[in-house]
Every structure is written in C-alpha cells, then in structure tokens.
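Peer 1: Can you keep this structure in mind? I'll have questions shortly.
The values are calculated or read from the model by the stated rules, or taken from the named source; none is laboratory data. None of the values given here were measured: they were computed from a predicted structure. The area values use the complete protein model at the heavy-atom level, side chains included, leaving out ligands, DNA and RNA. Shrake-Rupley method; radii C 1.70, N 1.55, O 1.52, S 1.80 Å.
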Amino acid sequence: MIKTVVIAVALAILGDAIVEMLDIPVPGAAIGMMLLATIFAARGGVDAGAASLFDAAAPHFPLFFIPAAVGVVASAELLSHAWLYVAVAIVASTAATIAITGMLAQRLLNLLAKAKTA
Amino acid sequence: MTPSISLIQDHPLFGLLVTVLAYAAAMRIWRRFGMPALFHPVLVATALIALTLFATDLSYEAYFAQTSLLNEALAVVIVLLAVPLSRQMHLIVEAGHPMALTLLAGSVVAIMTALALPYAFGAEDHLIAALAPKSATAAVAVGIAEKLGGPAGLTAVVVISTGIFGGIFGPTILAAAGVEDDRAKGFALGVASHAIGTARAFQISDVAGAFASLGMILNALLTTALVPIAIALMR
C-alpha cells in the first residue's frame, strides 16, 4: 500500500513536470495515469496494493469535488446578468450530451455484439 | 468573535474537518432516503458547508486553502484511475470502434448544444468562450477558454456546474433514455461531465467508472481541437 502511495505521488509530480516541459494542454495527473497504466501493462497486470488502495478510495471519489462545488456557490456573482441562460445552456446541453452519447454508445455496442455472433 | 472560536476556524485543517463531516452526514442522508438524485451527497454537503461558512463568517478563499489537502490527493486518485482502466482494458479494446465514433459525436454535440442558446441570444464573446469547452475537465477547459478570451473564474464555474449537473442527474437521464449498458452509461458520463461524472460512474460499477475515465480523457483532448474550429465557424 505504501509502495503504491509513493509511486502514485511520484507519477503525479512527474506528470506535472512533463506537462510543464512540453507545454501541452493536458493535466499532469492524466499523464501520470497513462504512465501507471503503461507500468501495469508492462508487468502484465494491476498490482494488488494499487488495486486495494484504489478500491478503498473509489466510492468516495465525489468527496474530492466538494470544495470546488462550494466554489460555485461562492462565485455565483461571476455569472451576473447572464446567469439564467448560462444555467439553461448548461442543463440543456449536458442533458442532451449524456442522452445522445449514452444511446449512441449502446446502439453501436449492440451492433458490434450482433456482428460478432452472426 | 471570541478568540477561542477563531483558534478553531482559522486552523489549517478546519475546512477539511467541515468537508469530511458534511460529506459523511450527506452520505447518511442520501442512503437513508434511497439515494435520490436531488439528495446527492455533493449537493447536500455543499449546502451544509455554504451554511457553515456563512455562520462562521469564514471566506471561501480561506476555506479553499484549508481543503488544499483534498485537491492534492485528487491528483493522486486520478493517477490511480490507471487501476480500473487496466482492469477493464479487454472490454475497452473490444469496444474500441464504437467508442471512437461515440466520442466524436458526443464531443461535437457537447460543444454545439452549449453554443446554440448563447449564439441565438447574441451572447458576448467571453461567455461563448467560457461555455464552449464546458464538458472538458476543468484545467483543460480553462486553458482552451483563456486562448479565446474566456475568463478563468467564469469558465471554472461553468465547467464545475456542468460536472455537478451531469454527475447528479446523469444516471436519471440515462435511465429515461433507455441506456442499460454500464459501458455506455460510463462513457456518456465521462464525455459530458468529466471528472465529476466519472466519480458518479464509479458509484455504478467498476466497468462504468473505467469507461467514464476513458471518455473524460479522450473528450478533453478532442475538445481542445474542436472548440477553436466551432468558434471560428460561428463568427
């Protein structure tokens, strides 16, 4: 477990350093994730310590976003006069994106499954 | 304010204590009422914390500084998303082509539907720039918006609101749309509402979470490429 913490923290730092050096528009943690996935692939599977650490944290993933959510309440005045249609745009667009993406993904996955069994 | 109270609320860990307590209470309330979308722990905890900040007169900036530990730990959790991605790699490889097509369609829909309303109402350019990358993860979206004249603070508010809305109501919307496949559910949540949608997907299943992580990463990259094109087409 401690070994995993060390590796994950080191990869988060390394990811930030790589993003800084290459000046690419990607969060450093995402680069760290890809590096860790590459390590798992090279070693032929997920390390048991990493799996148990992740599985302990995963159900509480939303906890990490609460300070940002409080920030939305605290900076609501940034939206000023436009708040109503910004809110409508967010709600309508996000709902449409979720519905269309989900339905299309399911339809295409079903087609793939049918093509395989046929 | 008495000095003894300020000793507690100015402590660098006070914000963390309040956040974890509010989250624990919100989780209990959520489970108690059968996990309805409207009582999602992020909403309830946010309301409890906003009330606490109001009651203690603690500024958001001070609170945010006191919760920096959570923000730093989030980077480590994101690195650990390699675990579900690697575990579900066989499913991801198998679903490669459907997911690539869905990604392209989802990313275009996310940008175009975000811009339709502001465009129709003749919104100012800085609002359009803040809305366009709303489905990309916050750090990426702020980078895209700033290049097009969108202010960082406003973009962050838009992006996080998008994530919260998708994370809370996404599963209900997917059920209404008849989406039952966990791969499709997760991918939709990740593409439309980034890390917060991904966090919600892990409450569905490991498969949904893995596909959400994939959708989140790929959509952040594609949004970077597509937003400048969409804005150029509109002007």
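Peer 1: Calculate how steeply helix B:14-32 sits against the longest principal axis of the alpha-carbon atoms of chain B, using the helix alpha-carbon long axis, and give the answer as 0 to 90 degrees to the nearest 10.
Peer 2: Helix B:14-32 and the main axis of chain B meet at about 70 degrees.
Peer 1: State, in angstrom, two size descriptors of region A:75-118 derived from its alpha carbons: Rg to one decimal place and Dmax to the nearest whole number.
Peer 2: Calculated on Cα positions, Rg and Dmax stand at 18.2, 57 Å.
Peer 1: Just to confirm the number: angle between the C-alpha axis of helix B:41-56 and the first principal axis of chain B, 0 to 90 degrees, nearest 10?
Peer 2: 40
Peer 1: With a/c under 1.5 counting as rounded, go ahead and sort region B:64-168 into rounded, prolate or oblate using the C-alpha gyration tensor (a ≥ b ≥ c being the square roots of the eigenvalues; past the cut-off, prolate if a/b is larger than b/c, else oblate).
Peer 2: Details: a/c = 2.68, a/b = 1.24, b/c = 2.15.
Verdict is oblate for region B:64-168.
Peer 1: By the gyration tensor of its Cα atoms, with a ≥ b ≥ c the square roots of the eigenvalues, what is the shape of chain A: rounded for a/c under 1.5, prolate for a/b over b/c, or oblate? Could you put the intermediate results ahead of the total?
Peer 2: On the way: a/c = 2.04, a/b = 1.17, b/c = 1.73.
Here chain A falls in the oblate category.
Peer 1: So if I take the centroid of the Cα atoms in region A:78-118 and the same for region B:193-211, what is the distance between those two points in Å?
Peer 2: The distance from the Cα centre of region A:78-118 to that of region B:193-211 comes to 15 Å.
Peer 1: Here's another thing I want to ask about it. Could you give me the radius of gyration and the Dmax of region A:1-67, taking only the C-alpha atoms into account and expressing both in angstrom?
Peer 2: 13.1, 37
Peer 1: Per residue, how large is the accessible surface of region B:82-234? Use a 1.4 angstrom probe and give square angstrom. Before the final figure, lay out each step's value.
Peer 2: Numbers: 4930 Å² over 153 residues.
Accessible surface, normalised per residue, equals 32 Å².
Peer 1: Report the accessible surface area buried between chains B and A, summing both sides, using a 1.4 Å probe on protein heavy atoms only, in Å² rounded to the nearest 100. Kindly include the intermediate steps, with their values, before the conclusion.
Peer 2: Working: alone 12920 and 9530 Å², together 15770 Å².
Roughly 6700 Å² of accessible surface disappears when B and A pair.
Peer 1: For chain B, what class follows from the C-alpha gyration tensor (a ≥ b ≥ c being the square roots of its eigenvalues): rounded when a/c is under 1.5, otherwise prolate if a/b is larger than b/c, else oblate?
Peer 2: Values: a/c = 1.94, a/b = 1.32, b/c = 1.47.
Oblate, because a/c is 1.5 or more while a/b does not exceed b/c.
Peer 1: Taking the square root of 5 times each eigenvalue of the Cα gyration tensor, what semi-axes in Å does the equivalent ellipsoid of the protein assembly as shown have, largest first? Provide the component values of the computation, followed by the final result.
Peer 2: Details: eigenvalues 179, 136, 82 Å².
After diagonalising the Cα gyration tensor, the semi-axes are 30, 26, 20 Å.
Peer 1: Okay, moving on. Quick one: 3J(HN,Hα) in Hz for region A:96-101, Karplus 6.51/-1.76/1.60 with θ = phi - 60°, rounded, Gly and Pro as x.
Peer 2: 5, 5, 5, 5, 5, 4
Peer 1: Under a cut-off of 12 Å between alpha-carbon atoms, report the aspartates and glutamates in cross-link reach of A:K116, not counting same-chain residues fewer than 8 places apart.
Peer 2: Answer for A:K116, where 12 Å is the Cα cut-off: B:E94, listed by chain and number.
Peer 1: Relative contact order for chain B: what percent, with Cα pairs under 8 Å and sequence separation of 6 or more?
Peer 2: Details: 300 pairs, mean separation 40.3, N = 235.
After rounding, I find 17 percent.
Peer 1: Let me ask something additional. Let me understand region B:122-170 better: what is its radius of gyration from the alpha carbons, and its Dmax, in angstrom?
Peer 2: Every Cα atom of region B:122-170 included, Rg and Dmax give 10.3, 31 Å.
Peer 1: Quick one: helix B:138-147 against the long Cα principal axis of chain B, what's the angle to the nearest 10°, folded into 0 to 90?
Peer 2: Its long axis makes an angle of about 70 degrees.
Peer 1: Within straight cross-link reach of B:K134, meaning Cα distance under 20 Å, which aspartates and glutamates are found once same-chain residues fewer than 8 apart are removed?
Peer 2: Candidates past the 8-residue exclusion: A:E77, B:E124, B:D125, B:E146.
Peer 1: How large a share of the accessible area of the protein assembly as shown, in percent, is made up of carbon and sulfur atoms when the probe is 1.4 Å and the other protein chains stay in place?
Peer 2: Working: 11330 of 15770 Å².
It is 72 percent, rounded to a whole number.
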